[in-house]
Amino acid sequence: MASTNPFWSFATPLTDHMPHALSNRLSDTFSHTEHIRVHSSEDVAGCYQTTPESAWSQVSYEEASFTYDTTKGKNLSTPIHTSSNRSGSWPLTEKYYSLSPTNHDLSCRKWTLWKTILLPTAVIILPMACLVAGLLALIFGYRVKSEESLFDQVSNSRALNNHAVVLVNYSATRIAFVASWASTLAPLLAGFIMNLTSFQYALLMYHSSTGGQQQDLPTPYQYSILVGLCLASIGRLHRYFSYSRGDGIVVPPVLRRAARTLALTLLLACVVFGADTALHYTTSTVSFDAVSVSSETHAYGYGLSPDCLSFNRTANYGMPCTRSGVIAQADENRYVALQNEIYYLQHGISNLSEIRLADTPSYSPPNITSSGAAKVALLIPHTTSLSPFRDFEADTTGIITTCEPISSLCSWVSGGPSLLWSSFNCSKNFWGTLGKAPNVSDNGMLGDDSTIPPLGFKPSAALQYSFFEDKHLTIPYDSAGNLGPFMPDSQLINSVYLGVAGRFQYTAQRAGVNMSSDPGVHQGPSPFIDFTLRCQYTSYLVNYNWVNSTSEVNRLTPSPNGTISEMFHGYNIVGASDSFDNNLQDLILEAALEPNPQALADSFANSYSSRVMSVIGPFLSSRANLLEQTRTPLLVASVSKIPLAILIAGCCSYIIFGIISAVIAYRALRKIDVRDLAFRFSLPALGLQAFRDYNVEKESLAKGGKGGHRVFEENKIKGETMRVAVEGNPVNGFVLKSLV
């Protein structure tokens, strides 16, 4: 190949210390070659310059020929040994150029080409590809899959709809560990990328050197920067940017391209590092309940039992199924078990079911008689039999009782021994005397007592109550026909009114509380505080959710008739002294601990709802759940999608970068085998070039098999005889020189 470059960058001066063998070889070579002498424009002593053996990787000395440039010099006679006659000045004043390389194939052989680029390409592509595949396999292989929760009460019911994160059922620490390999590998791959692209830089220098584009060649200092960039040195890249901004600096394309490639590689490494850092910071471990909607449901709801639904009150003397003589006659043990269950429910020791007070729905208006504090008493299965991870929606029976103080609406008269009695009169059928013991006969029934109204109940001197049909407590509720014929089912009422009169000692109040002066209560000369309440209990069909072991009422539908309410009302037998009423005094003492009469009424109302349900509950049967789901509690990793996407994109960019670099290297080597020149973009080659240890340099050139090309190989450097010495001092500076 002919060269028109008058500034051949690989020209090497022949010093007086050149070995004799090399001088003879050059002399023999030149004696068989045509030469032309080209004058330099510099006004310095002339000398001969030959192309070093390292630059003749494609052409042997024996086959090279030279020609004369008639425009730049005169004929030159056949050279002889000139090592003793040359001037020591540098740069050279006479230069020689090879114009007829040989007829050899200058491209790199396919097997050698693939072997050269395969390893760095694999190092770039395979780790990042495996990392991306592994990370995506973890994310999508362990991605949380869950059906949408049926209930909003589940804390993470909408977590899967959050498009900013992905939930992974895998350790967050391990996910972050796998992702961290990306930021570890990224800066290490810069050297391999620069190794592949260095073949293109070598080809550019070759074309610039042989094609007359001398201005595109780097200066010696720029060449040193180029070598540093090919070694992926960040310090050299920083020096390039500061150097290129200098005044009058012309940066050759090969240096600019190398700097651009390394800068892009390092920028990509910074992006990967930033994404990895953000992924570490935003990834966290959160609790999540995986939901599985059940196709088969359990029966946790409650409704009237078949016995009560088909029960005939007429055949039972007007009494409800809770006092069923039919059941008692047919199966006494069953009847006794049902009565026992009333006691168990009343005291919260049942193994079958339990009563729970729940808040009324938020959409329902507050009850004016209870300041909105009324709760609904639900019958639910015993919570020990319920899985904490099973949620359901069911219908059950509920009771709501509301009360309000009416002491100010009643007339009060103190009397009896030491004025300990308090007589009250609230309506024509709700009056009596508190403090006077009930008249109980020898057979346990209440005898005639003028201080108790008809259908009144007085279990103790401190408590008296009656049931009514109306709010004004004037019409006694006589469903069993004590004062006349019993009511048919169609006339039973659902909302039953209740008048309650009670008393407690002033010391039963909470410490620091004194309700005696409140108009909602009455206190005479006795140490007792008396009160009267107007209450109302109503049965409901309750739709509720059971989620996270917590009940929440969805809807309240009043019962269509008075059957359920009558199950409690009819259970109370007029005139009987029953131990069932013993806990009523405890309810009063519990209510007395409240701070004011209205709070006292609310407390008594809620307790009374449980009392009503304790009688009804044993006579209800199970109903199938309307909805049901099972939750599986998990600790999952919450991975932010944006950092994850940037990290994966950065890794994929490295894969693309590696492929592009491999294609660039392949094309460069397919044109001309510039491996020798590309391998000289290294510190060892630069050192040998600077100190001209010819023997070692020749040993470092490896030649392939038949038809192969000479390539610089650092691992063949051995048997060095030169030493690098130092001359000078701190005042005048130091100089490096070669010693043999």
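Looking only at residues in the range 349-366 that are of a type outside the set (Val, Ile, Thr) and surrounded by fewer than 11 Cβ atoms within 10 Å (Cβ to Cβ), the one that is modelled with the highest pLDDT is 351. Answer yes or no as to whether residue 686 is touching a Lys or Arg at 6+ places or on another chain (Cβ under 8 Å) and modelled with pLDDT of 70 or more. For residue 686, the condition - touching a Lys or Arg at 6+ places or on another chain (Cβ under 8 Å) and modelled with pLDDT of 70 or more - is met. Inside the range 228-280, residues that are among the aromatic types (Phe, Trp, Tyr) and crowded, with 19+ Cβ neighbours inside 10 Å make up a count of 1. Only residues that are in contact with a strand residue (DSSP E or B) (Cβ under 7 Å, 6 or more places away or on another chain) and basic (Lys, Arg): list them for the range 508-560, please. The answer is 534, 555. Scanning the range 489-512 for residues that are among the hydrophobic types (A, V, I, L, M, F, W, C) and surrounded by fewer than 12 Cβ atoms within 10 Å (Cβ to Cβ) turns up just one, 511. In this structure, does residue 225 turn out to be closer than 25 Å to residue 663 by Cα, β-branched (Val, Ile, Thr) and surrounded by 18 or more Cβ atoms within 10 Å (Cβ to Cβ)? Taking the combined requirement at face value, the residue satisfies it.
Residues in the range 712-740 that are β-branched (Val, Ile, Thr) and modelled with pLDDT of 75 or more: 724, 726, 731, 735.
In the same structural domain as residue 123 (by TED's automatic domain parsing) and in a loop (DSSP other than H, G, I, E, B), is that true of residue 254? Let's see the steps before the verdict.
Values: in the same structural domain as residue 123 (by TED's automatic domain parsing): yes; in a loop (DSSP other than H, G, I, E, B): no.
Answer is no for this residue.
Yes/no per residue for (1) buried (at least 20 other Cβ atoms within 10 Å of the Cβ); (2) more than 14 Å from the chain's Cα centre (by Cα):
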| position | (1), (2) |
| --- | --- |
| 129 | no, yes |
| 132 | no, yes |
| 163 | no, no |
| 166 | no, no |
| 179 | yes, yes |
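Filter the range 619-638 down to residues that are crowded, with 19+ Cβ neighbours inside 10 Å and either in contact with a Gly (Cβ under 8 Å, 6 or more places away or on another chain) or among the small types (Gly, Ala, Ser) (or both) and give me whichever is nearest to residue 152 (Cα to Cα). It would help to see each step written out before you state the result.
Of the range 619-638, the ones crowded, with 19+ Cβ neighbours inside 10 Å are 619-620, 625, 628-629, 631, 636-638.
Among the residues that remain, those that are also either in contact with a Gly (Cβ under 8 Å, 6 or more places away or on another chain) or among the small types (Gly, Ala, Ser) (or both) are: 620, 625, 637-638.
Numbers: 620: 29, 625: 17, 637: 22, 638: 20 Å.
Ranking the qualifying residues of the range 619-638, first place goes to 625.
Going through 555, 534 one at a time, which residue ends up being of a type in the set (Lys, Arg) and surrounded by fewer than 23 Cβ atoms within 10 Å (Cβ to Cβ)?
Values: 534 fails: surrounded by fewer than 23 Cβ atoms within 10 Å (Cβ to Cβ).
One residue alone meets the criteria, 555.
Filtering the range 109-118 to residues that are surrounded by 12 or more Cβ atoms within 10 Å (Cβ to Cβ) and under 16 Å from residue 661 (Cβ atoms) leaves 113, 114, 116, 117.
One residue alone among 540, 477, 544 is surrounded by 12 or more Cβ atoms within 10 Å (Cβ to Cβ), of a type in the set (Ser, Thr, Tyr) and either farther than 30 Å from residue 626 by Cα or not assigned by TED's automatic domain parsing to the domain that holds residue 591 (or both), and that residue is 477.
Being more than 18 Å from residue 536 (Cβ to Cβ), in contact (Cβ under 8 Å) with a residue 40 or more places away in the chain and β-branched (Val, Ile, Thr) holds for only one residue in 513, 496, 500, and it is 513.
The values are calculated or read from the model by the stated rules, or taken from the named source; none is laboratory data. Small disclaimer: the values here were computed from a predicted structure and weren't measured. Cβ sites come from the backbone with ideal geometry, for glycine too, and all protein chains shown count toward neighbours.
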